[in-house]
Amino acid sequence: MLYQKALIDFLKHLRYLKNVSGHTLRNYSSDLLAFLNFFLDKKGGTEKDRLSQRDLSVFWQQEPALERASGPKAVWAALEKKTALANGALEACDKWVLREYLAKLHSEGKKNRTLMRKISSLRSFFRFCLKEKYLSFDPMAAIESPKREKRLPRSIGYEQVELFFQMPDTGTYLGLRDRAIVELFYSSGLRLSELVGLDRDDLDLVGLQVKVRGKGRKERLLPITQNAAKWLLKYLNSPQRQLETKEHCREADGKAVFLNKWGTRLTARSVDRFFRFYLKKCGLAVDLTPHVIRHTIATHWLEKGMDLKTIQTLLGHSSLSTTTIYTSVSLKLKKAVYDKTHPRA
């Protein structure tokens, strides 16, 4: 069994059977392709043997053009034709090749968090290969993972939230979009992938709720604030959405909620980019990302008295232990407990 053929089968398994998110698929393919290219180089492979992220993008794109035009079988056939040229059998991936690859990553200065993710991707892949009898052994069985760094989620204060939210120029169409995005993040604690995947049909701005698809494509209904609904209505009903200007194209995707300047669905990368722009503009000395806003609202909910079970449901955590970490983040809660219990406080 060729490594590349096994990789395609694994990604098909993740997408169509495990129903994982596009973000998860992208990470798996990135990690496994990096090892594949290292492996092919070791075995004398050439450039024509290589798959690229573009080749595999069919697995995480929501509506890939080739799949729409020719159907998934045509996509798989094209990929498998390319992998038939590949040099290097899967059985040659032993623990020594894996250790050499991990040593290379370590020498490049990769952080423990990155190494752990790559090891986890390889472990899942080779377990799949063993289960499907593509391999008679698991080369990852002898590979240990580095110790996990214990890092608390970062959050910011409400004053910093308000300052950041004032940065988009709401007199412009794209500024109006950005304000609606940050308001919705803070309103409901969405993940970035959940926000960019929103469709118009997911919004109920009268009932003040939104339907999101989280990890594992699990759906949940979230309440939104009146303020977030107000900004969403301003953005969605803006006449500029249907106009062609120097700054942006007219709406080309009538299904998506948030559009880029070309009128198509906004990507997670674009959101990260404008977060960095506004962070620099407002001068906050924090690394403010969409996920920090998610941590922030979770911390603020807790400080205002919301119970952990409700926060778990709103955030879409599968385990309550994931949510309880916010009790360690809030200085206000720690101070309140300290003042209440310390005999001399």
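Would you grab the residues whose amide H sits under 5 Å from the one on S155? Only those 5+ places off in sequence or on another chain, please, with H modelled 1.01 Å from N.
none
With θ set to phi - 60°, apply the Karplus curve 6.51 cos²θ - 1.76 cosθ + 1.60 along the stretch 266-282 and write out the HN-Hα couplings as whole Hz, x wherever there is a Gly or Pro.
The phi angles translate into 5, 9, 4, 5, 5, 5, 4, 5, 6, 5, 5, 4, 6, 5, 5, 5, 8 Hz.
Stick to Cα atoms and the Kirkwood definition of Rh, then tell me Rg/Rh for the stretch 121-258. Each step should come with its number before you reach the end.
Working: Rg = 21.2 Å, Rh = 18.4 Å.
Expressed as Rg/Rh, it is 1.15.
Would you kindly find the accessible area of D94, with a 1.4 Å probe and non-protein molecules such as ligands, DNA and RNA excluded, rounding to the nearest 10 Å²?
Approximately 60 Å² for this residue.
Students sometimes get this wrong: rank H317, H23 by accessible area, probe 1.4 Å, all chains present, largest first. Please list the in-between numbers first.
Values: H317 30, H23 105 Å².
These residues rank, largest area first, as H23, H317.
In whole Hz, what ³J(HN,Hα) sequence does the stretch 284-299 give by Karplus (6.51, -1.76, 1.60; θ = phi - 60°), x for Gly and Pro?
Going residue by residue, I get 5, 8, 9, 8, 8, 10, x, 6, 5, 4, 4, 5, 5, 5, 5, 5 Hz, with x marking Gly and Pro.
Treating the Cα atoms of the stretch 199-251 as identical point scatterers in vacuum, please give the log10 of the normalised Debye intensity I(q)/I(0) at q = 0.19 Å⁻¹, two decimals.
-0.75
Using only Cα atoms, what Kirkwood radius does the stretch 210-324 have, in angstroms?
16.8 Å is the Kirkwood radius here.
Going by the alpha-carbon gyration tensor, a ≥ b ≥ c the square roots of its eigenvalues, is the stretch 263-307 rounded (a/c under 1.5) or, if a/c is not under 1.5, prolate (a/b greater than b/c) versus oblate?
oblate
As a test of understanding, state the convex hull volume per residue of the stretch 112-182 from its alpha carbons, in Å³. Show your work: numbers first, answer last.
Details: hull volume 11.0 nm³, N = 71.
Expressed per residue, the convex hull around the Cα atoms of the stretch 112-182 is 154 Å³.
Show R273, R15, R294, R113 ordered by accessible area, largest first, where the area counts protein heavy atoms only and the probe is 1.4 Å.
On the way: R273 125, R15 35, R294 5, R113 150 Å².
Descending order: R113, R273, R15, R294.
Once amide H atoms are built 1.01 Å from N in the peptide plane, which residues 5 or more positions from Q209, or in another chain, come under 5 Å H to H?
D204, I224
Where does each of K309, K42 land when they are ordered by accessible area, with a 1.4 Å probe and the largest first? Numbers along the way, then the final one.
Working: K309 120, K42 100 Å².
Final ranking, largest accessible area leading: K309, K42.
Show the residues, 5+ positions off or on another chain, whose built amide H is closer than 5 Å to the amide H of T264.
Amide H neighbours of T264, under 5 Å, 5+ apart: A252.
The values are calculated or read from the model by the stated rules, or taken from the named source; none is laboratory data. Everything numeric here is computed off the predicted structure, so don't read it as measured data. Calculation scope for accessible area: heavy atoms of the full protein, side chains included, ligands and nucleic acids excluded. Shrake-Rupley method; radii C 1.70, N 1.55, O 1.52, S 1.80 Å.
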